[in-house]
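Participant: Below are the structure tokens for one structure; questions will follow.
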Amino acid sequence: MQVNNEFTKLIASNLNFFYGSKQVLKNISLSFNKKEITALIGPSGCGKSTFLRTLNRMNDLIEGARLEGSIKFGDEEINHQHCDVVELRRRIGMVFQRPTPFAKSIFENVVYGLKVSGVRNKSLLMDKAEESLRRAALWDEVKDRLKDSALSLSGGQQQRLCIARALAVEPEVLLMDEPASALDPIATEKLEQGMEELKKDLCIIIVTHNMQQAMRISDNTAFFYMGELIEHGPTKQIFSNATKVKTRQYVSGSFG
């Protein structure tokens, strides 16, 4: 994948990752650009979600986890001991496989990160809530229900609410781990439409098992297999003219 420093947001170089003595990522080098969606594909257990979590140090929370290699966010090495992990996770937001709304109102969910960072101006919080809900393609559905519990929303709405919550603190990168796996086709379509809008401002990296989804929404695709990065490049190339046999077998449905 071409690295252009003006547009590149994240660069992983020679990355190895271990759970205790078990190595789950092997010498991964991959870069990600702003205003692009990159899909990480591969069979279950191939390391793609583990890799995604290295990009904002979510794996730090796992006992016995160990990383070798480099991940640069701009000019900063994110695994350096002086890296502010809280600030890192603000700038590199994450949306998980299943919606994780707080047991608070819709409004309080969206502005949670802003309040934690000290924002108290009610007018500013309202403006950011509306802006974030619009960007997550949810505003029209909840604008008259902002005081209602977030838990009253449908699964698809809850997932878009979690995206709005991540967007409110103005991240530069959005990590998405199988965000549509628990959603119905209509909710998935709304989620994907929102992602197309979001990539105008963000670098988006998504883990997906859905090959059709990867083809629909991503600019670039990276294929992982047994902890290794087998191939990466423009999505059209990966799905129509992959250079590696294993990639061609996977995207054609021969295994996985």
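The values are calculated or read from the model by the stated rules, or taken from the named source; none is laboratory data. What you are looking at is a predicted structure, and each value in this text was computed from that prediction instead of being measured. Positions of Cβ are generated from backbone atoms using ideal geometry, with glycine treated the same way; all protein chains shown enter the neighbour counts.
Participant: Which condition number in (1) in contact (Cβ under 8 Å) with a residue 24 or more places away in the chain; (2) farther than 30 Å from Ile71 by Cβ is the one that Ser152 fails?
Facilitator: The failed condition is (1).
Participant: Follow-up question, since we're still on this one. Given the conditions (1) in a strand (DSSP E or B); (2) aliphatic (A, V, I, L, M); (3) in contact with a helix residue (DSSP H, G or I) (Cβ under 9 Å, 6 or more places away or on another chain), which single one is not true for Leu10?
Facilitator: Evaluating Leu10 over (1) in a strand (DSSP E or B); (2) aliphatic (A, V, I, L, M); (3) in contact with a helix residue (DSSP H, G or I) (Cβ under 9 Å, 6 or more places away or on another chain) leaves (3) as the failure.
Participant: Look at Gly42 and say whether it is modelled with pLDDT of 95 or more, over 22 Å from Asn210 (Cα atoms) and surrounded by 15 or more Cβ atoms within 10 Å (Cβ to Cβ).
Facilitator: no
Participant: Residue check: is Leu124 modelled with pLDDT of 95 or more, loosely packed, with under 13 Cβ neighbours inside 10 Å and farther than 17 Å from Leu198 by Cβ?
Facilitator: In short, yes.
Participant: Could you please find all residues in segment 89-108 being under 20 Å from the mean Cα position of the chain (by Cα) and either modelled with pLDDT of 95 or more or not in a helix (DSSP H, G or I) (or both)?
Facilitator: Ile92, Gly93, Met94, Val95, Phe96, Gln97, Arg98, Pro99, Thr100, Pro101, Phe102, listed by residue number.
Participant: Scan segment 40-58 residue by residue and report those that are touching a Leu at 6+ places or on another chain (Cβ under 7 Å) and of a type outside the set (Gly, Ala, Ser).
Facilitator: Result: Leu40, Lys48, Thr50, Phe51, Leu52, Thr54, Leu55, Asn56, Arg57.
Participant: Look at Leu52 and say whether it is modelled with pLDDT of 95 or more and out of contact with any helix residue (DSSP H, G or I) (no Cβ under 6 Å at 6 or more places or on another chain).
Facilitator: Yes; evaluated as a whole, the condition is true for this residue.
Participant: Please count how many residues of segment 63-101 are in contact with a Gly (Cβ under 7 Å, 6 or more places away or on another chain) and of a type in the set (Gly, Ala, Ser).
Facilitator: Selection size over segment 63-101: 1.
Participant: In addition: How many residues does segment 180-215 hold that are within 16 Å of the chain's Cα centre (by Cα), closer than 21 Å to Arg134 by Cα and not polar (S, T, N, Q)?
Facilitator: Total meeting the criteria: 16.
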